[in-house]
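What follows is calculated from the coordinates using simple rules that are stated; it is not laboratory data. Bear in mind the structure is a predicted one, so any value in this text is a computation, not a measurement. With ideal geometry, Cβ positions are generated from the backbone for all residues, glycine too; neighbour counts draw on all protein chains shown.
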Amino acid sequence: MAMTELGGRMDRPALPRRHDGLPPRAVVLGGLVVAGGGGWLAAESPAIALGGTAVLLLAACVWARPALAAYLVVGVTPLVAGIDRGTAIPVLRPNEALYFVLAATLVTRAIVLMRTGHELRVRLTAVAWALLLMSVANSVIPLLWMLLRHRTPSQDDYLYALVLWKFVAVYAIVRASVTTDRQIRRCLWISVCTAGVVAVIGILQALDLLGVRSLLAMYYAPFGYVGALSKPRGGSTLALPAAAADLMMFNLAIVACFWMQGRRRALLAPAAVLLIFGCLASGEFSSFFGLLVAVVAVAIVGRSWNIPLMSAPAGIAGFLVLWPVVAERLSGFQSVHGLPASWIGRLRNLSSYFLPELFSDWNFLLGVRPGARVPVAIQATGYVWIESGYIWLLWGGGIPLLAAYLFFVRASLRQGWRAARFGQGAGSIAGAVSVVAVAVCAVLMIFDPHVTYRGSADLLFALLALTRCHRGETFEGSGDGESLPLATTRASACTRGGGELG
């Protein structure tokens with residue numbers, strides 16, 4: 001009730017009734033169904049009941065704190081991505097099952113909130129469009145092309161057709177769940193801490209210390225091939241040395257950007273040394289080259305060459321500590337051909353299994369098929385993979401996929417560069433790191449399809465999503481026309497509302 005000027009009472013106009021959530025009856029009914037079903041399942045299969053309870057608890061926590069979804073993507077993925085499909089969970093890798101639960105929870109939450117008047121705005125940026133175009137070019141187009149040529153897609157083709165869509169899910173999960181500068185910063189720190197764990201395991205694996213190789217053989221042997229772990233390579237929990245090295249490089253860029261902002265340097269210095277050691281422990285020549293690219297990219301984005309100068313002693317120390325790994329790789333040049341056997345095998349596989357089919361019958365126009373490997377019985381893992389990223393683009397989607405990837409590189413570099421130069425807070429760091437990550441991938445794609453490597457590619461697309469967290473910011477120069485590289489202002493340009501994607 002409200003009082004008028006003359007002292008009379010005037011009724012307030014009736015406001016439309018607004019629901020604050022699910023109807024009470026639906027909540028009660030759903031609770032009864034879950035309780036009854038859970039009791040029956042616990043009696044029939046305790047293991048499944050326990051797993052279902054864990055999933056429901058995870059979904060409840062993410063529902064209450066959506067940012068937890070991004071933390072889990074960044075923090076858990078590098079620790080479990082190397083577990084083969086079907087080993088711990090039927091059909092899927094553990095991180096893929098995690099993405100499914102997180103995406104389902106966030107989508108359901110968004111639908112429920114829409115009933116309360118919350119507006120879900122979906123605004124696709126150039127990076128998001130590029131990622132969608134890549135996914136379509138690697139799935140829909142080659143599958144249709146196969147059907148038109150009367151070729152039946154295999155299960156491998158369908159599985160590989162979903163790979164880039166998985167990264168679309170990663171991008172969307174992080175983009176929808178992170179809304180504040182503090183959350184971006186927390187994601188970056190979680191990533192560095194997790195990479196440190198991966199680095200320690202990789203170093204111990206490469207040097208064959210503390211029985212780490214035998215422990216990894218229990219769950220992290222690629223396709224059950226334990227022999228892959230006998231080599232002095234630090235694949236760690238990613239079960240792929242090159243992917244582990246990429247993860248180290250991306251996180252080294254995070255550490256370097258935090259260093260340039262003057263934050264917690266007492267912790268950052270040993271973290272940087274550990275990450276450099278972890279990268280060298282991979283024993284990959286391409287990773288040595290990628291580390292140089294990453295350091296130079298950090299210097300260009302941050303407009304400071306102090307980082308390359310400071311990282312040189314750590315690199316030298318890494319070569320000394322990990323000399324057994326380096327020596328084993330250098331011994332390959334003492335062969336009859338003067339090249340490591342892996343290089344000769346790579347060229348032989350490309351020329352024998354992929355290039356002839358790719359460049360026959362105009363297959364390079366729309367791709368051969370999504371599957372990026374061919375079964376070969378004499379191989380220990382049973383397959384031969386395409387060991388060239390740009391050949392993989394043509395094989396898996398032809399000219400459309402290659403063009404979409406080049407568009408993705410351009411859009412990602414432009415978005416990250418503008419965020420690093422003119423953004424604020426943690427968003428500028430995410431932007432700078434995304435520039436480094438995209439540049440490293442674009443160069444290393446000469447050797448392997450790094451843009452799809454498990455663990456490291458997940459972090460790449462998470463970084464691109466974090467770069468776009470600042471929904472309200474405008475990337476403009478300062479008033480006097482000077483740029484603001486890696487700005488350290490505390491103000492956050494993130495809005496705290498619900499779920500814009502893009």
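A few notes on this one:
- Percentage, to the nearest whole number, of Cα pairs in segment 81-155 over 16 Å apart: 73 percent
- When each of the peptides 228-239, 364-375, 122-133, 190-201 is scored by how many other beta carbons lie within 10 Å of its residues on average, the order from highest to lowest is 228-239, 190-201, 364-375, 122-133.
- Stretchable slack from D208 to S360, in nm (0.36 nm times residue separation minus alpha-carbon distance): 50.2 nm
- Residue by residue, segment 67-83 carries 3J(HN,Hα) couplings of 4, 4, 4, 5, 4, 5, 4, 6, x, 8, 3, x, 8, 10, 5, x, 7 Hz when phi is fed to the Karplus relation 6.51 cos²θ - 1.76 cosθ + 1.60 (θ = phi - 60°); x denotes Gly or Pro.
- Packing-based ranking, highest mean first, of 453-466, 84-97, 410-423 given that Cβ atoms within 10 Å are counted: 453-466, 410-423, 84-97
- Applying the Karplus relation 6.51 cos²θ - 1.76 cosθ + 1.60 with θ = phi - 60° to segment 405-421 yields 3J(HN,Hα) values of 5, 4, 5, 4, 4, 4, 5, 5, 5, 5, 5, x, 5, 5, 5, 5, 7 Hz, where x marks Gly and Pro.
- When each of the peptides 350-361, 301-312, 147-158 is scored by how many other beta carbons lie within 10 Å of its residues on average, the order from highest to lowest is 301-312, 350-361, 147-158.
- Computed Kirkwood radius, in angstrom, where 1/r is averaged over Cα pairs of segment 155-290: 16.3 Å
- Orientation-averaged projected area, Cα convex hull of segment 411-453 (nm²): 3.0 nm²
- Binning all Cα-Cα separations of segment 86-202 at 10 Å, short to long from zero, yields these whole-percent fractions: 10, 27, 36, 20, 6, 0.
- Near the amide H of Y383, within less than 5 Å, lie the amide hydrogens of V376, all on another chain or at least 5 residues away, with H placed in the peptide plane.
- Semi-axes of the equivalent ellipsoid of segment 154-235 are 30, 23, 7 Å, computed as sqrt(5λ) over the eigenvalues of the C-alpha gyration tensor in descending order.
- Two-site FRET efficiency, V112 against A327, from Cβ-Cβ distance with R₀ of 41 Å, rounded to 0.05: 0.10
- When E328, E284 are arranged by Cβ crowding within 10 Å, least crowded first, meaning fewest neighbours, the order is E328, E284.
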